[in-house]
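One structure is given here, and the rest of the page talks about it.
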Amino acid sequence: MTDNTAIAFATAIAQGSLRVVDLTFTLSPDMPVIVLPPEFGQSSPVRIQQISRYDENGPGWYWNNITVGEHTGTHFDAPVHWYTGKDLPNNAVDTLPVEHMIAPACVIDCSAQAAADPDFLLTRAFVEDWEKSHGRILAGHWVLLRTDWSKLGPRDFANLREDGAHTPGPDSNVMEWLVNERDILGFGTETIGTDAGQGSHFAPPHPAHHFLHGAGRYGLQCLRNLDQLPPTGAILITTPLKILNGSGSPLRVLGVAPS
Amino acid sequence: MVEPLQKPGRKNPLDRTRQQALPPAGRSRKGQLLTLAAAQGRFALQCCSECGLFCYPARDACPNCLSADLPLTDAPNGGTIVSETTVRVPTDVYFRERASWRIGIVKLDCGPEMVAHLHADCYDGERVRMSLQLDKSGQAVAFARPTEKTPNQADDRQWREMTATPKFRRALVTNGRTALGQAVAAALKAAGAEVYVGLADPWKPFPGEETLKRDHHVVPLDVADERSVQELAADLGGKIDILVNSTEHVRPGGLLDRRVTNAVKDEMDQHHFGFVHLAQAFGPAMRARGADGVNSAAAWVNVFSVYALANWAPFGTNSAAQAAALSLSHCLRGELRLGGVRVVNLFTGPLDTEWFQTVPPPKLAPKAVASAIVAALENGTEDVFVGDVAEDVRQRLLANPKALERDLNQRIS
Amino acid sequence: MRTSRRASYDGVVVTTPVTIPYQRYSVESAHWWIGRALRGLVDASGISPRDIDGFCLSSFTVGPDTAIGLTQHFGLSVRWLDHIPLGGASAVAAFRRAARAVQAGDADIVACVAGDTNHVDSFRRTLENFSRFAADAAYPYGAGGANASFALIARHYMNRFGISREDFGRIAVSQRDNALRNPNALMKTPLTLEQYMAARPIADPIHLFDCVMPCAGAEAFLVMREEKAAAAKLKGARVLGTIERHNARLDDVVQNHGGWIADIDDLWGMAGAAPGDLDFVQTYDDYPVIVMMQLEDLGFCKKGEGAEFVRSHDLTIDGTFPHNTTGGQLSAGQAGAAGAYIGVTESIRQVLGTAGPTQVKDARLGLASGFGMINYDRGLSSGAMIIAGEG
């Protein structure tokens, strides 16, 4: 049996030689969601409404109805989410290749920079510098931006000011480069979006969305526990709900890394 | 002389909370005309359209000319007390608990004699100012007050049974993020209440935040989220004497120029389901505390758009959400009445806020709504039309609802 | 000398006064009490129920039944039926209607009955549902019921005419004296003026001994033509004059008069008598203030002189103005609508000489009056009858 790789993988997890790290926030109404100008349509916040709890509405069982947007909590962005990916094949969560749901990840630690500057931007130079230490980012990898933003309280996490959100993210140039020159599978962040808080003022606006989805790549946001993953050598398991023509989905993101 | 009301101390946790008994509630159909007047704070009686006789008690025919045309008509509110008594041994539980109770006969300047509740500073032979009030059963009663200002007039024991004064009461204002919510909180505090202000999405900053947090207890509350409301009620439910539902979620638009229901659903979530959540979470405790001393549960206040009564197509789905909540308020009114807690509905025209930016004046300052809320609580009214637009809609609804419907439709260009 | 244009009640007698002894509270229904009274009429008169062909009922607590339902209940087959909802004026009205029926031959023997029960909560229920005006505009004000309404009338009357509580007290105290001679009276202990004055207030200026005690009980009498009475060997009393008035057109802002004032000349004119001719008076005494008003409005003294009248007369059975010789409702109890009858049945006994321990010596001519229905702020119904013995 040991020559069965799948069993070997499971055995490694069972025996602890591989760690499973939960990279997901609890789906809760307290979790900030993306804020758009109020005249636009808004994402539903998370709502959990009890159907019964061993009571007159169901004496022996407990269950809830939940309401979520496709982009609430820890969630996955499919290419169809952005206009740049709207015409691609297999661009929605129900049609994307399941092979993409298990893939290796690189984790770029920018936590010190983000702590110093909420508007910290990841640049190509920063990544190239990272590659000097950890090796070239290989095709088909997730690139995860570790900022420790997930450790902040809700107000600092959203960090809204009069001129909008101030949260770290990638600049336009690095996104185009990661997609075209490194052929990454997707880009993941701890913040509300894959783009920086001020990303709407970049050229093009929201470059992470623009370039990732335009090339059929994916986004992950509201990740946490990225500090428990190694810079390289971990894999992500990312299985969005199979929503008909879904643009994204809340999901459980698991990281698997050597102990 | 009325002794000034004293701030109540903490309750003895060994004492049972006194349950609300209600005064006699039976009234004839015609008698309910006076309920209509009392709800709006008017002193009005039936007046014969043929012979001009003011009639009281309510009748189905004029006792002078037998005309059946006896419309409710605003009446001069002056009168003179011609006899009085102090009822010390009432047969009814409500009054027995509150005995002794002063009543009198008032000869009204406009004609009829009226048995009335007497303010403590009104005596036999004196001139009085009459009003129709809603008692704890929600029914109209006549009340005689001094014609002049007297010390601590509003603290009169019998008068307080007719009102829901904020003094020494604890109020929850559901939305501190808006100018309206902030104005209401400030006005209630100025009227002597301790104010809790709800705040949804506390991570979103907003103007006035610092002042709000300095002056009031800011508590997490997202009315559209059942759990949030229930969790707050678990903490505060037994302490809220006045709840002001100031939810204000306005988005322009009718039906045909919107292709998704999302915004419409948001309006219903805020106005309709928000109301449901608040009622189910806070209503039972309020209903149980209607007779709980000086700071008993007293009132539930709703701030509605007057277009809850007649759909205004440019804000058509909002009007519908308001209408849904208005209907709920009537349900709640019946349910809370059992606990002696009144439901006060304010109807407003467009507020002077960003969502009515393109609407031409007159527009209503949030402060005006806040003042109207305090006045309604202090005067004991139930249906209040605030400002010129609301009053305009009220009058046109009475005159010709179809004409109003056409007019409100045609504003779409 | 008769001066009224009204047709007389000649040829009619009122007979067989029946009183079913009162109880403070009863577990029985009004029907039970009314049934006892009917049986009392039958037993005392020897007349078979089958020969009773007219029935007149008053009761507050018999609902949802009315007189018609009770015909079947009691097995009465009548050719004349009435149900009189006039409260304290019911007995005078019952006689007036029954007498005209027997004069006209519409009935031969009319049983007039009033009876009410008093369950522990029935008094409050009666007050709460007394009338539309009361429910709309009186009861919600302190729920004092009749006590509050009469308090407002009494206070105004006292202020208007300078009357003191002692003046009302003389009426209550003398009635208690009378009640001590009535074995059926509920109040069996003496009452002094000092005790009256010291009683606890109920609704100022009404104090405890100004109030009747609600109770269960029934009263009844028969009305028939003289020859019928003679055939049955029944002694009957004659009614020389009688009046009733409802919602009298008075300009009293607060009630200072009862409706008697409107028809007083007819009352005395029909009877060919004057107030001074009477041997006793049975007024309707739900409160002493109403007694005093009656004494004025029925002509025993002028308006405003009622206090002086009670000061200058002894109102006990053996006194100068025998009044409410049973003790009246104030001391015998108020058995609902039977309170209207207590003065009438007692008057019949007095003029027939069968009043026993409360008998006024040589009583031949007396007056019984009634008053009722505080619909809103004043009593609307009033009635009076002057009763004479045989011969």
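The values are calculated or read from the model by the stated rules, or taken from the named source; none is laboratory data. All values derive from a computational prediction rather than experimental measurement. All Cβ positions, glycine included, derive from the backbone under ideal geometry; neighbour counts span all protein chains shown.
Worth pointing out:
- Residues satisfying the stated conditions in the stretch C:231-267, i.e. surrounded by fewer than 24 Cβ atoms within 10 Å (Cβ to Cβ), in the same structural domain as C:Gly306 (by TED's automatic domain parsing) and in a helix (DSSP H, G or I): C:Ile261, C:Ala262, C:Ile264, C:Asp265, C:Asp266
- When residues of the stretch A:158-177 are limited to those that are touching a strand residue (DSSP E or B) at 6+ places or on another chain (Cβ under 6 Å) and buried (at least 24 other Cβ atoms within 10 Å of the Cβ), the one farthest from the other protein chains (Cβ to nearest Cβ): A:Val174
- In the stretch C:124-177, the qualifying residues are those that are in a helix (DSSP H, G or I), among the aliphatic types (A, V, I, L, M) and over 23 Å from the mean Cα position of the chain (by Cα), and the one that is farthest from the other protein chains (Cβ to nearest Cβ) is C:Met158.
- Checking B:Asn295, B:Asn311 one by one, the residue that is closer than 30 Å to B:Asn12 by Cβ and surrounded by fewer than 22 Cβ atoms within 10 Å (Cβ to Cβ) is B:Asn295 and no other.
- Within the stretch B:67-80, restricting attention to residues that are closer than 18 Å to B:Arg29 by Cα and assigned to a loop (DSSP other than H, G, I, E, B), the residue that is nearest to the chain's Cα centre (by Cα) is B:Pro71.
- From the list B:Val250, B:Val229, B:Val195, the one residue that fits, being in a helix (DSSP H, G or I), among the aliphatic types (A, V, I, L, M) and either more than 23 Å from A:Met31 (Cα to Cα) or assigned by TED's automatic domain parsing to the domain that holds B:Ala285 (or both), is B:Val229.
- Some residue of the stretch B:100-109 being surrounded by fewer than 20 Cβ atoms within 10 Å (Cβ to Cβ), farther than 21 Å from B:Thr163 by Cα and not aromatic (Phe, Trp, Tyr): yes
- Boolean, A:Ala78 is touching a His at 6+ places or on another chain (Cβ under 8 Å), buried (at least 19 other Cβ atoms within 10 Å of the Cβ) and touching a residue at least 40 places away in the same chain (Cβ under 8 Å): yes
- For B:Gln280, the test of being surrounded by fewer than 21 Cβ atoms within 10 Å (Cβ to Cβ), within 11 Å of chain A (Cβ to nearest Cβ) and in a helix (DSSP H, G or I) is failed.
- Residue in the stretch B:63-83 that is modelled with pLDDT of 95 or more and within 7 Å of another protein chain (Cβ to nearest Cβ) present: yes
- Selection status of B:Leu172, surrounded by 24 or more Cβ atoms within 10 Å (Cβ to Cβ), modelled with pLDDT of 95 or more and not in a loop (DSSP other than H, G, I, E, B): yes
- Out of A:Leu236, A:Leu244, sole residue that is more than 25 Å from A:Ser111 (Cβ to Cβ) and touching a residue at least 12 places away in the same chain (Cβ under 8 Å): A:Leu244
- Test: residue in the stretch C:116-123 that is within 30 Å of B:Gln133 (Cα to Cα) and buried (at least 19 other Cβ atoms within 10 Å of the Cβ): yes
- Residue in the stretch A:153-181 that is farthest from A:Gly140 (Cα to Cα), counting only those that are in a loop (DSSP other than H, G, I, E, B) and touching a helix residue (DSSP H, G or I) at 6+ places or on another chain (Cβ under 8 Å): A:Thr167
- A:Ala105 touching a residue at least 40 places away in the same chain (Cβ under 8 Å) and either assigned to a strand (DSSP E or B) or within 14 Å of chain B (Cβ to nearest Cβ) (or both): yes
- Candidate set: the stretch C:298-336, residues that are part of a helix (DSSP H, G or I) and touching a strand residue (DSSP E or B) at 6+ places or on another chain (Cβ under 8 Å); chosen: the one surrounded by the most Cβ atoms within 10 Å (Cβ to Cβ): C:Gly328
- Identity of the residue in the stretch A:48-68, among the β-branched types (Val, Ile, Thr) and out of contact with any Gly (no Cβ under 9 Å at 6 or more places or on another chain), that ends up surrounded by the most Cβ atoms within 10 Å (Cβ to Cβ): A:Val68
- Residues located in the stretch B:110-134, provided they are more than 11 Å from chain C (Cβ to nearest Cβ) and more than 17 Å from B:Thr163 (Cβ to Cβ): B:Cys110, B:Tyr123, B:Glu126, B:Arg127, B:Val128
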